[in-house]
Amino acid sequence: MPGKLSDVAKKAGVSEATVSRVLNDKPGISASTRAAVLTALDVMGYERPTQLRGERARLIGLVLPELQNPIFPALAEVVGGALAQRGFTAVLCTRTTSGMSESDYVDMLLERQVSGMVFGGGQYAEADAPHSHYLRLLELRLPVVLVNAASEHLDFPRVSTDDAVAVEQAFGHLISLGHEKVGLILGPPDHMPSRRKHEAFQIAAQRAGIVAPKSHVEHTMFSIEGGQVAASRLLKQGVTGIICASDPIALGVIRAVRRAGLKVPQDVSVVGYDDSAFMNCTDPPLTTVRQPLEAIGRAAVAMLVGQIDGIPVTAEELLFEPELVVRGSTGPAPAA
């Protein structure tokens, strides 16, 4: 690849002669320089020379379901930054409806000889989704960390926001404001974090002595449009407070409330989940349950690097407590 030496050299911040020495496995090159050149080679998609293919790259696959929900770019920033501090480079992969699947990305990342993978909000959290690519990673014993709840048969290290605590905080807040008809909008029925939230909702309602009929729980997609459709059904049930499984869903709920000729929070209070970017700038500013992304992202990287370094990592799920952030989208229940 003579014509590409200059590109790799520029990417690695070294001379073309240094790149040539690394590719030809010549002595006299420091470990850090060698790693920089090989990482540049991998990032740019060039094949390693045969004699260097046995070494794993200092690349980490970061596989996310989407980037439209601001929570995922925020997670990518935390994980990417923490990896960089430890000398690794994140390779960002996002699923698309008509593009590459999660399984395709796993194949690609394995071809790149990545040192490990971090998954955030992937198919592992969907009980009915294909999981064969995860089972392959288990067989290969590749270092992997999953962010947030996973199907029980996927025995990877996991770091999660405590979904039960999140619902308890949101529900308790609405009850303290006098709301007795509280609705819940979740992701798809097979979504593991949504299942946890649903269970916590039922327990919280029972403890508060409030009836929470099935008609007060809706399942939808994690989008503004999904939230709007689900909310329109809940409003017909007369709910005055709605807890949402994501901030985009909550924004859809606010839209549905307004289209029904009602006001937030005077008629309906809305609580989101994530505290993603700009939720303090919405109209009204969104009350939401904040995921501790910084702590979760750094813990995921620490667990991953620990596996890479051969340090025993707990198989038990690490749960991080969320924080209720009260803003303008919640208020006292309307008078009967």
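This table checks each residue for (1) hydroxyl-bearing (Ser, Thr, Tyr); (2) in the same structural domain as ALA302 (by TED's automatic domain parsing); (3) under 16 Å from the mean Cα position of the chain (by Cα).
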position: GLY122; (1), (2), (3): no, yes, yes
position: ALA127; (1), (2), (3): no, yes, no
position: LEU135; (1), (2), (3): no, yes, no
position: LEU154; (1), (2), (3): no, yes, no
position: PHE171; (1), (2), (3): no, no, no
position: ASP190; (1), (2), (3): no, no, no
position: ALA204; (1), (2), (3): no, no, no
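Can you pull out the residues in region 4-54 that are loosely packed, with under 12 Cβ neighbours inside 10 Å, modelled with pLDDT of 80 or more and under 35 Å from the mean Cα position of the chain (by Cα)?
GLY13 - this is the single residue of region 4-54 that is loosely packed, with under 12 Cβ neighbours inside 10 Å, modelled with pLDDT of 80 or more and under 35 Å from the mean Cα position of the chain (by Cα).
Might you let me know whether region 177-196 holds any residue that is farther than 29 Å from LEU318 by Cα, buried (at least 20 other Cβ atoms within 10 Å of the Cβ), at pLDDT 95 or above and not β-branched (Val, Ile, Thr)?
There is at least one residue in region 177-196 that is farther than 29 Å from LEU318 by Cα, buried (at least 20 other Cβ atoms within 10 Å of the Cβ), at pLDDT 95 or above and not β-branched (Val, Ile, Thr).
Which residues, taken from region 99-124, are of a type in the set (D, E, K, R) and either touching a residue at least 60 places away in the same chain (Cβ under 8 Å) or under 19 Å from VAL159 (Cα atoms) (or both)?
Across region 99-124, the qualifying residue is only ARG112.
Criterion first (more than 21 Å from GLY227 (Cβ to Cβ) and at pLDDT 95 or above) does VAL159 satisfy it?
In short, yes.
For region 19-37, state whether one or more residues are more than 27 Å from CYS93 (Cβ to Cβ), among the acidic types (Asp, Glu) and in a helix (DSSP H, G or I).
So far as region 19-37 goes, no, none of its residues is more than 27 Å from CYS93 (Cβ to Cβ), among the acidic types (Asp, Glu) and in a helix (DSSP H, G or I).
Which of the numbered conditions does SER103 fail, given that it passes all the others? Conditions: (1) among the small types (Gly, Ala, Ser); (2) over 18 Å from ILE60 (Cα atoms); (3) not in a strand (DSSP E or B).
Every listed condition holds for SER103 apart from (2).
The values are calculated or read from the model by the stated rules, or taken from the named source; none is laboratory data. Note that the coordinates shown come from a computational prediction; the quantities given were computed from them, not determined experimentally. Every residue, glycine as well, gets a Cβ built from its backbone with ideal geometry; the counts of neighbours run over all protein chains shown.
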